[in-house]
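The block underneath contains the structure these notes are about, expressed in structure tokens.
The values are calculated or read from the model by the stated rules, or taken from the named source; none is laboratory data. Predicted model only: the values in this text are computed from it and were never measured. Quick reminder, even Gly has a Cβ in these numbers, built from the backbone with ideal geometry, and neighbours come from all protein chains shown. Quick note on the areas: whole protein, heavy atoms, side chains included, nothing else; ligands and nucleic acids left out. Shrake-Rupley method; radii C 1.70, N 1.55, O 1.52, S 1.80 Å.
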Amino acid sequence: MARLGSNQYGKAETHLVRVVRDGAAHELRDLLVSVALSGELEAVHLDGDNSAVLATDTQKNTVYAFAKEHGVGTPEQFGALLARHFLGGAITRARVEVREVGWTRLSDHAFAQGSREERIAVVVADESQWFASGLSGLVVLKTTDSEFHGFPRDRYTTLAETRDRVLATEVSARWRHDGTASFEDARRALLECFAAHHSLSLQQTLYAMGSAVLEACPAVQEIRLSMPNKHHFVVDLTPFGLSNENEVFHADDRPYGLIEGAVVRDGAPDAGPLWDPYPLV
Ligand SMILES: O=c1[nH]c(=O)c2[nH]c(=O)[nH]c2[nH]1
């Protein structure tokens with residue numbers, strides 16, 4: 001015997017490009033929109049009864065139609081509009097994730113895609129609304145002000161202690177808030193802290209960056225960070241009779257240390273379904 005466990009369904013990664021042609025300077029938005037609906041969906045899974053199933057194709061069409069009718073606004077606004085729309089009937093929870101890539105303006109109507117950074121908004125609507133905003137692909141590096149020493153040594157330890165190293169990471173972050181937190185303030189706090197912080201480990205830097213966002217953004221209750229340590233190894237140039245004082249590096253892409261953690265405001269309310277996994281597996 002078995003039972004239906006957690007389930008959700010929806011159209012993932014609808015790639016929406018919206019051009020606003022109001023003035024001489026066109027505006028360009030480029031978003032991946034993923035919808036996941038859940039609720040009373042036993043009948044479709046157990047009996048093949050589709051009477052409560054809003055087709056994922058319809059969900060995709062709704063994304064495009066809403067972009068035309070309502071405009072996109074902020075990713076949080078667009079996500080909330082969609083999530084609320086999908087609620088009703090058998091659907092008691094709607095999760096919408098929006099990932100946006102930026103285009104830099106070249107002219108009134110030409111653009112270049114500059115970086116792999118994405119802005120992210122997650123909105124879950126049920127009887128309440130839950131918001132997380134964030135980013136991924138934000139690559140940062142500092143050429144000094146980073147140390148790593150004092151770690152235990154065992155028979156497998158070869159890593160040298162260092163008082164001055166290159167520190168680089170690709171920040172992924174999600175901060176949970178009430179829908180009012182400024183994305184720009186949070187992003188600026190992350191970057192200013194990374195630049196200013198004298199690091200004794202990437203873990204310490206992660207905690208400092210998370211704390212900086214809580215400090216800068218009163219509406220943020222929690223921030224989760226995932227920061228791979230993009231190792232920069234000093235190349236041994238002695239075979240060529242050359243010194244290397246932290247000037248020439250081998251930037252290794254793998255393996256990498258993966259440093260992850262959350263910084264939670266004292267007294268933060270429950271996160272509800274916000275951190276539920278999507279995709280499920
Ligand atoms: O900042 C760091 N944290 C670690 O846990 C670690 N481990 C390691 O090998 N190098 C580093 N650097």
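Looking at the structure I just gave you, is ASP266 within 16 Å of the ligand (Cβ to nearest atom) and exposed (fewer than 12 other Cβ atoms within 10 Å of the Cβ)? Explain how you work it out, then say what you get.
Details: within 16 Å of the ligand (Cβ to nearest atom): no; exposed (fewer than 12 other Cβ atoms within 10 Å of the Cβ): yes.
Against the criterion (within 16 Å of the ligand (Cβ to nearest atom) and exposed (fewer than 12 other Cβ atoms within 10 Å of the Cβ)), ASP266 does not qualify.
From the residues in the stretch 224-250 that are open to solvent by less than 50 Å² (accessible area, probe 1.4 Å) and under 30 Å from ARG265 (Cβ atoms), which one is nearest to the ligand (Cβ to nearest atom)?
ASN229
May I ask you to list the residues in the stretch 45-83 that are of a type outside the set (Phe, Trp, Tyr) and under 14 Å from VAL19 (Cα atoms)?
Of the residues in the stretch 45-83, the ones of a type outside the set (Phe, Trp, Tyr) are 45-63, 65, 67-77, 79-83.
Listed by number, the residues that qualify are ALA65, ALA67, LYS68, GLU69, HIS70, GLY71, VAL72, GLY73.
Testing LEU46 on (1) crowded, with 17+ Cβ neighbours inside 10 Å; (2) in a helix (DSSP H, G or I), one condition comes back false. Which one is that?
Failed condition: (1).
Between residues in the stretch 182-203 that are within 14 Å of LEU214 (Cα to Cα) and residues that are within 16 Å of the ligand (Cβ to nearest atom), which pairs lie under 6 Å by C-beta distance while being six or more apart or on different chains?
LEU190/MET209; CYS193/ALA208; CYS193/MET209
Residues checked against (1) within 12 Å of VAL140 (Cβ to Cβ); (2) surrounded by fewer than 16 Cβ atoms within 10 Å (Cβ to Cβ); (3) away from the ligand (no atom under 16 Å from the Cβ):
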| position | (1), (2), (3) |
| --- | --- |
| ALA181 | no, no, yes |
| LEU191 | yes, yes, yes |
| SER201 | no, no, no |
| SER211 | no, yes, yes |
| LEU214 | no, no, yes |
| PRO218 | no, yes, yes |
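What about LEU274, is it closer than 30 Å to GLN8 by Cα, in contact with a Phe, Trp or Tyr (Cβ under 6 Å, 6 or more places away or on another chain) and in a loop (DSSP other than H, G, I, E, B)?
Working: closer than 30 Å to GLN8 by Cα: yes; in contact with a Phe, Trp or Tyr (Cβ under 6 Å, 6 or more places away or on another chain): yes; in a loop (DSSP other than H, G, I, E, B): yes.
Yes: the conditions hold for LEU274.
Is one or more of the residues making up the stretch 251-263 away from the ligand (no atom under 16 Å from the Cβ) and part of a strand (DSSP E or B)?
The first filter runs over the stretch 251-263 and keeps only residues away from the ligand (no atom under 16 Å from the Cβ), leaving 262-263.
From what's left, part of a strand (DSSP E or B): 262-263.
Yes: one or more hits.
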